[in-house]
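See below for the structure under consideration.
The values are calculated or read from the model by the stated rules, or taken from the named source; none is laboratory data. Quick caveat: nothing in here was measured; it's all calculated off a predicted structure. Note that each Cβ is placed from the backbone with ideal geometry, even for glycine, and that neighbours are counted across all protein chains shown. Ligands, DNA and RNA are stripped out before the accessible areas are found, and what is left, the full protein with its side chains, is counted by its heavy atoms. Shrake-Rupley method; radii C 1.70, N 1.55, O 1.52, S 1.80 Å.
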Amino acid sequence: MHDYWGYEKADGRERTDKAIREHCIEIISQLTGRLGNSLKAEQEEDQQRLDTLVANAKKNLLIIGDSLRNPTYSGTSFFTAKAPFNDALNRIYDLEKLMLDALLNISGELGGLDKGELSKDQFEASFLQIQDFLDDINQSLFEREALILGDM
């Protein structure tokens with residue numbers, strides 16, 4: 001991310017915010033593309049469940065991507081405030097790292113699903129992990145937005 005400079009200086013905050021959001025959107029796009037590939041269950045009767053889990057994960061990723069594309073905090077005082085607010089900035093950095101880590105973890109889980117036909121236990125466990133990572137991203141986005149809006 002060549003435009004990610006941090007939030008310490010007001011004149012770089014919008015560029016940094018946009019860079020991190022675009023980077024996450026790019027990863028999400030790659031992940032949803034991988035979810036578009038057909039995953040196969042070992043047992044025919046489990047395929048519908050697997051397809052449902054794939055569709056739900058894809059839908060949740062797309063919702064997160066939409067949130068990143070259209071943040072509610074544009075134009076707030078966060079982007080123009082002169083003094084750095086260290087506790088909030090440190091927490092924002094932590095939340096961004098959590099989001100990136102969760103996206104990478106989802107990628108890892110999907111990598112484990114690319115290995116032929118899947119048992120129900122295997123795909124259920126993987127998608128449970130993926131849902132946990134999606135929840136982590138949503139929580140991080142919510143808290144990050146609250147910090148930027150000055151609600152925390």
* Asked: Out of (1) farther than 19 Å from Arg49 by Cα; (2) of a type in the set (S, T, N, Q); (3) out of contact with any Leu (no Cβ under 8 Å at 6 or more places or on another chain), the odd one out for Thr76 is which?
  -> (3)
* Asked: Taking the stated definitions as given, is Leu61 more than 30 Å from Asp151 (Cα to Cα) and touching a residue at least 60 places away in the same chain (Cβ under 8 Å)?
  -> no
* Asked: Hey, any hits in the range 24-34 for a residue that's in a helix (DSSP H, G or I), at pLDDT 95 or above and either touching a strand residue (DSSP E or B) at 6+ places or on another chain (Cβ under 9 Å) or open to solvent by 90 Å² or more (accessible area, probe 1.4 Å) (or both)?
  -> yes
* Structure fact -> Within the range 4-21, the count of residues that are under 20 Å from Leu104 (Cβ atoms) and either surrounded by fewer than 15 Cβ atoms within 10 Å (Cβ to Cβ) or touching a residue at least 60 places away in the same chain (Cβ under 8 Å) (or both) comes to 1
